[in-house]
Amino acid sequence: MNRNATLAIATVLLLAAAPALAGRTPIDETRKVDGDAVVRVDNLAGSITVTGWDKNEVQIRGELDEKADELRIDGGGDHLDIEVVYPKKKNLNIREGSVLTLRVPHGCSLELQGVSSDVEVRDLRGTIQSSTVSGDVQIHGKPAAVKIASVSGEVTVEAESDEVSIESVSGRIEVRGARRSLEINLVSGDADVQAGELERLRFNAVSGDLDLRADPARNADWELDCHSGELTLELPGGLDADFDINLFSGDLHNDFGPKAERTSKFAPGKELRFTAGKGGARVEINTFSGDVRLVKR
Amino acid sequence: MMTHQEAHALLNDLLDDRLTPDARAAVAAHAAGCSVCAAELDGLRRLREAAADLPAELRPAHDLWPGIAARLGDPDAAGAPRSAVRHRRPRLTLLAAAVVALALLAPWLRPDRTTPETAALDAGYAQVRRDGERLLAEGGLPPLAAAELRDGMSAIDGAVRETRQALDRTAGAPDQFRRLTACYRRKIDLLRQVVDRAART
């Protein structure tokens, strides 16, 4: 084989191997933003990790997936958009996805979006919104509000936040430290909540169980609706609340007072209305076939 | 395009002329191509016609009992003035006949307790479900999101079916009925969230 032929073959082989050699691209970018900017991050697969810091800038580090076209960063000042852009075609067959590690000002608000991205946020005071399908979500710190939509990922919120809202289909939900307002909409996952004093609670589930340990605020407004899951509420012994409990075919265990009675001689269902202590907080519970346990702690 | 389940649930309303023109056309179109719905519609029509032909009150043309008693060889009953048996036996016979008739007609005599409120909820639920089915049929969802949507819809379907049956059983208990309709509404909201979230992916 002559020298030119060898060179040609080597060139072809190198070109063919170029994408594999290129691999994952390191990311190291910084942008100036306001202390209370809104930062939007869209990463289809991989992970998004955001931590608050004292600087008025956003630092973006990590690795770009080999199948991604680019990391697009737009904006500055009061908003910054960060997006991992993939070619517009089906069956991308993404394996690892992109790893995005951000440092943002403590006062920033976040809007995070992904499909199979894991999300982790720490030390932010703004509002955090996250929408994913299968990635796990973890929020820690003292954000003003947390709003999470997930399909099957696990959601963990360990946050002293005044407003927490979580929607999920089958993922497990764990909440620690929420206060004032908590809303959970769930189809079949379970929820484990240890909250502070809650003024407003909404729990709407089909077959998911709820274990709740929280205190109703003085004039609290709680509504829990579960079709077939079991509701366990661990409540303080010296509680002042008006209970309105309705069960179609489920059972009630009640540490606070009387048993539920038949609603009507002619229709199925049991109900119980009673006042614990001086009353004041409103607690309405509706289940279809799920049991209810009111446990005094 | 109306699903079989939706069309089937509206057959009674179609005969009662309680559907909008669009819904009427959709149910009729479905029944034209569905042997199950067509047969049920035909059965309902025949039952109504038969019921319409019944007189308002049934009275025997004359007292048959003396003749029957004579044939049975009961001289006391045949010759004597009719006593207590005269009243009791025909009543018992009629009662037994009514029980048998009710048992036979039970599938057709399911009480229609659809109220404007439950009809609106049924329609709302059917609409959200259609949106979910369309989303799945379009095939653009990531496989996991599609599977979760399917599972979520199935779980909520089961809950709605039970709630709907419970509504029929509690029509006489207004408070229970009101609570169950509220639960039904919340399940529709939940399904709407599930479908919308899937659409956003």
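Below is a table of values for the structure above.
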| quantity | calculated |
| --- | --- |
| Qualifying residue in region A:202-219 (condition: modelled with pLDDT under 95, farther than 22 Å from residue B:190 by Cβ and not in a strand (DSSP E or B)) | no |
| Test: residue B:124 is at the interface with chain A (Cβ under 9 Å from one of its Cβ atoms), surrounded by fewer than 18 Cβ atoms within 10 Å (Cβ to Cβ) and not acidic (Asp, Glu) | no |
| Some residue of region A:136-159 being touching a helix residue (DSSP H, G or I) at 6+ places or on another chain (Cβ under 6 Å), under 23 Å from residue A:292 (Cβ atoms) and surrounded by 20 or more Cβ atoms within 10 Å (Cβ to Cβ) | no |
| Residue that is surrounded by the fewest Cβ atoms within 10 Å (Cβ to Cβ) [pool: residues in region B:190-201 that are part of a helix (DSSP H, G or I) and within 7 Å of chain A (Cβ to nearest Cβ)] | B:200 |
| Scope region B:113-162; condition among the polar types (S, T, N, Q) and farther than 21 Å from residue B:11 by Cβ; matching residues | B:154 |
| Subset of region A:178-201 (residues that are farther than 23 Å from residue A:238 by Cα and assigned to a loop (DSSP other than H, G, I, E, B)) | A:187, A:188, A:189, A:190 |
| Test for residue B:109: is it crowded, with 17+ Cβ neighbours inside 10 Å and at pLDDT below 90 | no |
| Residue list for region A:147-177, filter: part of a strand (DSSP E or B) and farther than 22 Å from residue B:152 by Cβ | A:158, A:159, A:163, A:176 |
| Selected residue (only one of A:3, A:31, A:40 is modelled with pLDDT under 95 and among the basic types (Lys, Arg)) | A:3 |
| Tally of residues being of a type in the set (D, E, K, R) and either at pLDDT below 95 or not in a strand (DSSP E or B) (or both) across region A:46-62 | 2 |
| Verdict on residue B:180 being in contact with a Ser or Thr (Cβ under 7 Å, 6 or more places away or on another chain) and among the hydrophobic types (A, V, I, L, M, F, W, C) | yes |
| Region B:166-186: number of residues that are more than 7 Å from chain A (Cβ to nearest Cβ), in a helix (DSSP H, G or I) and either touching a residue at least 24 places away in the same chain (Cβ under 8 Å) or under 23 Å from residue B:132 (Cα atoms) (or both) | 6 |
| Number of positions in region B:134-159 that are more than 7 Å from chain A (Cβ to nearest Cβ) and touching a Leu at 6+ places or on another chain (Cβ under 8 Å) | 7 |
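Quick grid of which residues meet (1) polar (S, T, N, Q); (2) without any contact (Cβ under 8 Å) to a residue 12 or more places away in the chain:
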site	(1), (2)
A:234	no, no
A:248	no, no
A:254	yes, no
A:257	no, no
A:261	no, yes
A:271	no, no
A:275	yes, no
A:280	no, no
A:291	no, no
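The values are calculated or read from the model by the stated rules, or taken from the named source; none is laboratory data. In this text the structure is predicted, and so the values were computed from the model without any measurement. Don't worry about glycine lacking a Cβ; one is built from the backbone with ideal geometry, like all the others, and counts go over all protein chains shown.
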